[in-house]
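Report on one structure; see the data block that follows.
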Amino acid sequence: MRFCHAPEIWADHPTLAAGVLVVDGVSDRAATGDAVGRHLDRARTLLDGGPASALPQLRAWRRTFAAMGLKPTQYRCAAESLLRRLGKDGDLPRIHPLVDLCNAASAAAAIPVAALDRDRVKGDLEVRRAHGDETYTAFGGETERPAPGEVIFADEAGQAHARRWTYKQSGTSIVRPETRDVLIVSEALHPGAAADVEALLAALADDVAAAWPGVTPRLTMLTSERPAVELAG
């Protein structure tokens with residue numbers, strides 16, 4: 001089982017920086033509140049400096065969404081949606097210790113982070129353009145078909161685990177109380193993105209190791225020359 005980006009994604013988006021954490025053995029019983037609070041404080045500091053949409057990390061995603069034919073004010077990358085919610089509500093909802101940690105770190109860095117239950121992914125997972133015959137299950141259980149050419153996270157069974165790239169994950173592979181093995185993916189497109197993504201994932205790895213004793217996250221940065229990572233083991 002592996003995770004990768006298709007060659008055309010790297011070709012079409014030469015500034016892409018991507019990294020993953022492979023995490024084995026988490027549970028829904030962990031104390032991540034202090035780390036979540038620390039990341040959210042950093043996110044609030046970002047918002048104090050002006051609107052989230054002005055951040056270079058999010059401007060890069062807005063340009064990319066617009067180039068894909070998506071209205072940036074209608075379809076926002078996950079990190080921008082989190083920052084908007086934090087700015088409106090003053091906090092983010094608590095869902096699962098690991099998801100809370102990923103959401104808070106994503107908001108703090110203004111960089112999208114996805115956490116997927118690996119047991120619900122069938123075979124390899126690839127970021128690629130949709131063929132049009134894949135299925136996507138929304139959080140509410142509705143089934144959708146991504147449009148041909150849309151960037152999705154697709155597995156070998158034709159399941160789309162994310163639509164419109166970093167817009168929204170699928171309900172199929174969300175982290176649940178029974179989840180044990182997780183794939184965490186972070187992607188960015190702004191200048192300096194590679195260093196920022198690596199720093200974000202390294203901080204998350206430290207937080208995960210502290211919250212789940214005995215769990216050792218494995219960090220891999222991906223490039224067009226090394227576009228894939230093995231997820232097993």
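Summary of computed values
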read-out: Condition check for residue 216: within 20 Å of residue 17 (Cβ to Cβ), open to solvent by 10 Å² or more (accessible area, probe 1.4 Å) and in a loop (DSSP other than H, G, I, E, B); value: no
read-out: Filter result for residue 196 (open to solvent by less than 50 Å² (accessible area, probe 1.4 Å), charged (D, E, K, R) and either in contact with a Pro (Cβ under 9 Å, 6 or more places away or on another chain) or not in a loop (DSSP other than H, G, I, E, B) (or both)); value: no
read-out: Residue check for residue 175: modelled with pLDDT of 95 or more and open to solvent by less than 10 Å² (accessible area, probe 1.4 Å); value: no
read-out: Residue count, region 58-92 (criterion: of a type in the set (Ser, Thr, Tyr) and on the phi > 0 side of the Ramachandran plot); value: 0
read-out: Residue check, residue 203 open to solvent by 30 Å² or more (accessible area, probe 1.4 Å) and either in a helix (DSSP H, G or I) or free of Cβ contacts under 8 Å to residues at least 40 places away in the same chain (or both); value: yes
read-out: Entirely in region 47-155, the strands (runs of 3 or more DSSP E) that have 2 or more residues that are open to solvent by less than 30 Å² (accessible area, probe 1.4 Å), without any contact (Cβ under 8 Å) to a residue 60 or more places away in the chain and not hydroxyl-bearing (Ser, Thr, Tyr); value: 151-155
read-out: Matching residues, region 201-216, being under 21 Å from residue 127 (Cβ atoms) and touching a Gly at 6+ places or on another chain (Cβ under 8 Å); value: 201
read-out: Count - residues of region 2-46 that are open to solvent by 20 Å² or more (accessible area, probe 1.4 Å) and either β-branched (Val, Ile, Thr) or on the phi < 0 side of the Ramachandran plot (or both); value: 24
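The values are calculated or read from the model by the stated rules, or taken from the named source; none is laboratory data. The structure presented is a predicted model; accordingly, all values stated were derived computationally and were not measured. Positions of Cβ are generated from backbone atoms using ideal geometry, with glycine treated the same way; all protein chains shown enter the neighbour counts. Surface accessibility is based on the protein's heavy atoms, side chains included, excluding ligands, DNA and RNA. Shrake-Rupley method; radii C 1.70, N 1.55, O 1.52, S 1.80 Å.
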